[in-house]
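Worksheet for the structure shown next.
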Amino acid sequence: MKSFLAGTLAAVTLYSTTPTALAMDVDALSPTVPTIDRIVDLPITGLRAVESDGKLHLISQNGRFVITGHLVDVWNRQSLDSLEQIEALSDRIVFKQMGLDIDTLNSVSVGKGSQEVVVFVDPQCGPCHELMSEAKQLAESDDRYTFKFVAVPALGDESHALAKTLFCAKDRNQRLTALMAGTLAQLETVADCNARQYDVTLVTAQMVGVNGVPFVVAPDGRIARGRPTNLVAFLEGRP
């Protein structure tokens, strides 16, 4: 299971880079892209977006291959024509635009607010439990938010067993309490549990780049890898 999860929870990241050193390497290897103005790593293994003379190119990391044409963000259903668009959209996850209902995954919810916060957690992760407690308190005092905790087995076989117990629990009303209290092992499960959506949960985690927990997605799609220092400030988009 550990080797499977290592692939399932592989990291996919997007970040801006300073063009100086990287541009020199790519420029030397790619005569078809004569002037490198800016470079942004894409959430695609081995590809970078390069801005050259006002035009957007896709280039392999070793500079050998250059791809021309249109880049489309299928998740957000938008054509990406500039590095600014790539930076603005590619580091955000908007599940509704993807057509993904978090409630169909291995998830439990707290709160009834219109602003949905998705938090990927592991049943055995200490910082995850601290964040879930903080989120529950916030949801009880601030009616803006609904927190959806998605349980994934980031920490190995025992976490896998506990996360699957959450998914297959016979009494659905006990799931949130058991997850937060660390008593999932005591839950009774259904004998003929169809774990298809549990598997979909693992695939979703891989797809959106969950490579560690907690992994928080704000209502506007911004991502926090790890527990935010100030949860409210993060959710409101403040420093």
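Summary table below
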| item | result |
| --- | --- |
| 3J(HN,Hα) from dihedral phi, the stretch 135-147, Karplus parametrisation 6.51/-1.76/1.60, rounded to Hz, x for glycine, proline | 5, 4, 4, 5, 5, 6, 9, 9, 7, 7, 10, 10, 9 |
| Vicinal HN-Hα couplings computed from phi for the stretch 202-208 (Karplus, 6.51 cos²θ - 1.76 cosθ + 1.60; Hz; Gly/Pro x) | 5, 5, 4, 4, 5, 4, 8 |
| Vicinal HN-Hα couplings computed from phi for the stretch 59-69 (Karplus, 6.51 cos²θ - 1.76 cosθ + 1.60; Hz; Gly/Pro x) | 9, 5, 4, 8, x, 6, 10, 10, 10, 10, x |
| Equivalent ellipsoid, the stretch 118-235 (semi-axes from 5 times Cα gyration tensor eigenvalues, Å) | 24, 16, 13 |
| Relative contact order, percent, the stretch 97-236 [alpha-carbon distance under 8 Å, six or more residues apart] | 29 percent |
| Full-stretch length increase - Ser82, Arg172 - with 0.36 nm per residue and alpha-carbon distance subtracted | 27.8 nm |
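Where a number appears in this text, it was derived from the coordinates with a stated rule and is not lab data. It should be emphasised that the depicted structure is a prediction, and the values quoted were computed from it without experimental measurement.
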